[in-house]
Amino acid sequence: MGDFMLHGDLHLKPGHLIRRAQQIAVSIFLDECKEFDLTPTQYAVLAVLREKSDLDQITLASRAALDRSTIGGLVERLEEKGWIRRTAGVEDRRQKLVSLTEAGQAMLETVEPSVERVQQRLLEPLNGDERAVFMALLERLVDENNESSRAPFKK
């Protein structure tokens, strides 16, 4: 790594640029999805539940790469909106399983075109080849550093 990453301009440091990219991504998401009253983290939880329903909150948090302190309030807000439901576990009645409701499924279907526009707007400055390289490198960076996260992704 060059010295510029250690001692140079803040705006050349990878961590700063990744943080800025996240700010931009969230801003674009909120702009595109404002009519749905939906945040990126709420969308992530709904998308995970679309793939696999009846998950306990710990598993849901790990599949959405969210920390345990975040998932509780998030699940509560999504339940208040009627997009998910919590039910007692079959084997352990104390365990709460989270699943997508019909309203949650309908929300996902309605919001998908907006979410797709978010991805398009975010990558718009790059041409097709650059997008492919960027996505491959970003995926590698995230995968290789997953265990360093306070909320590592787990399948």
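Table for the structure above
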item	result
Complete set of residues in the range 83-103 that are farther than 14 Å from Ala61 by Cβ, surrounded by 15 or more Cβ atoms within 10 Å (Cβ to Cβ) and among the aliphatic types (A, V, I, L, M)	Leu100
Conditions (1) modelled with pLDDT of 95 or more; (2) more than 17 Å from Pro40 (Cβ to Cβ); (3) touching a Lys or Arg at 6+ places or on another chain (Cβ under 8 Å); number of the one not met by Ala136	(3)
Count of the range 99-155 residues which are without any contact (Cβ under 8 Å) to a residue 24 or more places away in the chain and in a helix (DSSP H, G or I)	30
First in the range 52-67 and closer than 17 Å to Gly89 by Cα, second anywhere and assigned to a loop (DSSP other than H, G, I, E, B), Cβ under 6 Å, 6 or more apart	Asp56/Gln95
Failed item, numbered, when Asp92 is tested on (1) acidic (Asp, Glu); (2) in contact (Cβ under 8 Å) with a residue 12 or more places away in the chain; (3) over 20 Å from Gln119 (Cβ atoms)	(2)
Index of the failed condition, Ala44 passing every other in (1) more than 16 Å from the chain's Cα centre (by Cα); (2) free of Cβ contacts under 8 Å to residues at least 40 places away in the same chain	(1)
Residue under evaluation Glu80, criteria (1) touching a Lys or Arg at 6+ places or on another chain (Cβ under 7 Å); (2) loosely packed, with under 12 Cβ neighbours inside 10 Å; (3) not small (Gly, Ala, Ser), criterion not met	(1)
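The values are calculated or read from the model by the stated rules, or taken from the named source; none is laboratory data. Please read all numbers here as calculations on a predicted model, not as lab measurements. Cβ coordinates were reconstructed from backbone atoms using ideal geometry, including for glycine residues, and neighbour counts include every protein chain displayed.
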